[in-house]
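Working notes, structure below.
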């Protein structure tokens, strides 16, 4: 078994994983509720080493968290919008303030720092166009240092996955 290595200072540092670790991750991505016993049967390893590998991957940050994926339409969040945002000022302080603000907005479910014409890309979900209008006009656009905001309305989802380990 390859030993996990992690440099505490670098969140982008890779952790060494072997084929069994990758097989465990694949199974957990497919169903986070899969039991250690079920995993051990599928990858032909006893339960104790499977449990230890999962614990090591949790502690090293490979496994960040376990979540329940919710169908947004079934909870009455029928509108998805991609917002491209540029800031007026590009200092470290301005960026930190923007990130803090975004983290407090429940409508924003994802935020990426991007290159190009815009500084950030937000994935926003709302009940409907009226709710998005309220979010855009009364929350997002009211923040200090907001430059340009461009909204792109998602017409349909073609592919949506959180599975990044394959094979």
| task | For a quick protection proxy, order the peptides 118-126, 72-80, 147-155 by their average other-Cβ count within 10 Å, most packed first. | result | 118-126, 72-80, 147-155
| field | Rounded FRET efficiency, nearest 0.05, which uses the C-beta distance separating residue 103 from residue 153 and R0 of 30 Å | value | 0.80
| Mean separation of Cα pairs under 8 Å and 6+ residues apart, divided by the residue count of the range 19-59: what relative contact order is that in percent? | 38
| query | If r is the Cβ-Cβ distance from residue 117 to residue 19 and R0 is 35 Å, what FRET efficiency results, to the nearest 0.05? | reply | 0.25
| Label residue 60 and residue 129 with points 7 Å out from Cα along Cα→Cβ: what is the distance between them in nm? | 5.0
| Nearest 10 degrees, 0 to 90: helix 92-104 Cα axis against the chain principal axis | 80
| query | If you stretched the chain out fully between residue 72 and residue 164, how much longer would it get, using 0.36 nm times the residue separation minus the C-alpha to C-alpha distance? | reply | 31.0 nm
| When only Cα pairs under 8 Å and 6 or more residues apart are kept, what is the percent relative contact order across the range 78-167? | 46
| task | Note the angle between two axes, namely the Cα long axis of helix 19-30 and the longest principal axis of the Cα atoms of the chain, as a number of degrees from 0 to 90, rounded to the nearest 10. | result | 50
| query | Expressed as a rounded percentage, what relative contact order does the chain have, with Cα pairs under 8 Å and six or more residues apart? | reply | 25
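Any read-out appearing in this document is the output of simple, stated calculations on the displayed coordinates, not a laboratory observation. Since the structure is predicted, the reported quantities are computational estimates derived from the model, not experimental observations. Counting neighbours? That spans all protein chains shown, and the Cβs are built from the backbone with ideal geometry, glycine included.
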